[in-house]
Amino acid sequence: MSTLPLFPVTTVGSWPRSPDLLRALRERRHGTLSAARFREVARAGVREALRAQELAGVDLVTDGEQTRDNFYSFVAEKLDGVQLMTLAEMLELVEDKAGFRQLLDTLDVPAFAISNPTCVGELKLRAPLAVDDLDYLRTLTARPIKVTLPGPYLLTRAMWVPEATGKVYPDKEALGEAVVGILRDEVERLARAGADFIQLDEPVLTELVFTQGRTRTFMCAALAARNDPQEELEFAVSLLGRVLEAAGDVRTGLHVCRGNWSRDESTLLSGSYAPLATWFERVRVRQLVLEYATPRAGEVVPAGDKELGLGVVNPRSDAVETPAEIRDRVRAALRHVPVERLFLNPDCGFGTFAARPMNSPEVAARKLAAMTEAARMLRGE
Ligand SMILES: [Zn+2]
């Protein structure tokens, strides 16, 4: 396994797609593009995303999630039993239509984000979720590689729509079991294939603690099943534990942020991670990959015995943070985390949703370069 320097610089995963790739993603969705041709275009995107990271001096690289339409609904392409549903299709399906309409009115996620991967049949892996992408990236670079996967709680919560799923899985817990099985297998394969870092994305955990009963959500499917937040967190921790143990000795990460779909910071959730701290403690993950670059994120919460992937740049702004600013953020965080346990990352991806990237590749590259410069300064101290 490759070694990392002190203050390793990495990303949270996604990278803005090229116009060619956006077109290819659209055509694939409409079924007018062959799988072979799509792969060719996506691979060109992977090479571009990798080149940008290598030029900027990133230590732990990703494939930029170039083959995915977004960080979780891409599983619909890979799993039997999952169908992407638009809001209109979901409205058709749910029993409480008036309630669903009312919830949609208060939803703060625009329609682009909510073609929901809904479980409509028995889940079965049709194609690898990520291991083929890892294999390809490995042919291009000798640098350590991070692979991102949607977390088991995120997937279970998105896929569980009782009216559609209940015929196959009696309850959310049963669906969770199936999701855990799929993710465990993939994590095992990734570990065998030489992934240096496996990151699970669970952005909805913040939604559980910050919304306090108000209807703001990342996904419409979740609207159907509102539960006690503590119960949901308990469920999330148990699902995560079973997926993470499949990683063996490979470094694992858990990414939790407050949403990354808008440049208008006021529409995104805000609040410190403090209410999640005791839950984080219970998750056997090596690293917490968190956002800290905007005031919305609040104070740094001690990571206990875990590593901290510290968010030091805002993926949604044009202004490029200076290396000195980034260095100062790291210095402040070092009051809570030992020096050998701190990684530098942006708050979230630069292109979480393919059709709605939060930045241009040019600005994103400059932010990464500022991060590596800050890391160089810190290593010199
Ligand atoms: Zn994020």
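Rule-based calculations on the coordinates, nothing more; no lab input. Predicted model, so just to flag it, every value in this text is computed and none were measured. Glycine gets a Cβ as well: all are built from the backbone with ideal geometry, and neighbour counts include every protein chain shown.
A few notes on this one:
- Cα→Cβ-extended label distance, 7 Å offset, between residue 98 and residue 299, nm: 4.7 nm
- Label-point separation, residue 132 to residue 86 (7 Å along Cα→Cβ), nm: 2.8 nm
- For region 235-341, the alpha carbon positions stretch 40, 32, 23 Å along the principal axes, listed from largest to smallest.
- Put in line by how crowded their Cβ is, counting other Cβ atoms within 10 Å and starting with the fewest, 336, 30, 255 read 30, 336, 255.
- The gain in end-to-end length when the residue 264 to residue 238 segment is fully stretched comes to 6.0 nm, 0.36 nm per residue minus the alpha carbon separation.
- Residue among 192, 341, 251 with the largest mean-square fluctuation in a Gaussian network model of the chain, springs linking Cα atoms under 10 Å: 192
- Global form of region 56-205, assessed from the alpha-carbon gyration tensor, a/c cut-off 1.5: prolate
- When the chain is treated as a GNM with alpha-carbon contacts under 10 Å, the residue of 352, 206, 141 showing the greatest mean-square fluctuation is 141.
- Comparing 311, 351, 81 in a Gaussian network model of the chain, where Cα atoms under 10 Å apart are tied by springs, the biggest mean-square fluctuation is seen for 81.
- With contacts taken as Cα pairs under 8 Å and at least 6 residues apart, the chain reaches a relative contact order of 21 percent.
- Around residue 324: net Lys/Arg minus Asp/Glu count, Cβ-Cβ under 13 Å: -1
- For the chain, projected area of the alpha-carbon convex hull averaged over all directions, nm²: 16.8 nm²
- Calculated [222 nm] ellipticity per residue, helices only, for the chain: -12500 deg cm²/dmol; basis is -39500 (n - 2.57) per DSSP H run with n ≥ 4, divided by all residues, nearest 500.
- Set against the 2.2 N^0.38 Å expectation for a compact globular protein, region 130-196 has a Cα radius of gyration ratio of 1.40.
- Lysine pairs in the chain with Cα atoms under 24 Å, if 8 or more residues apart or on separate chains: 10
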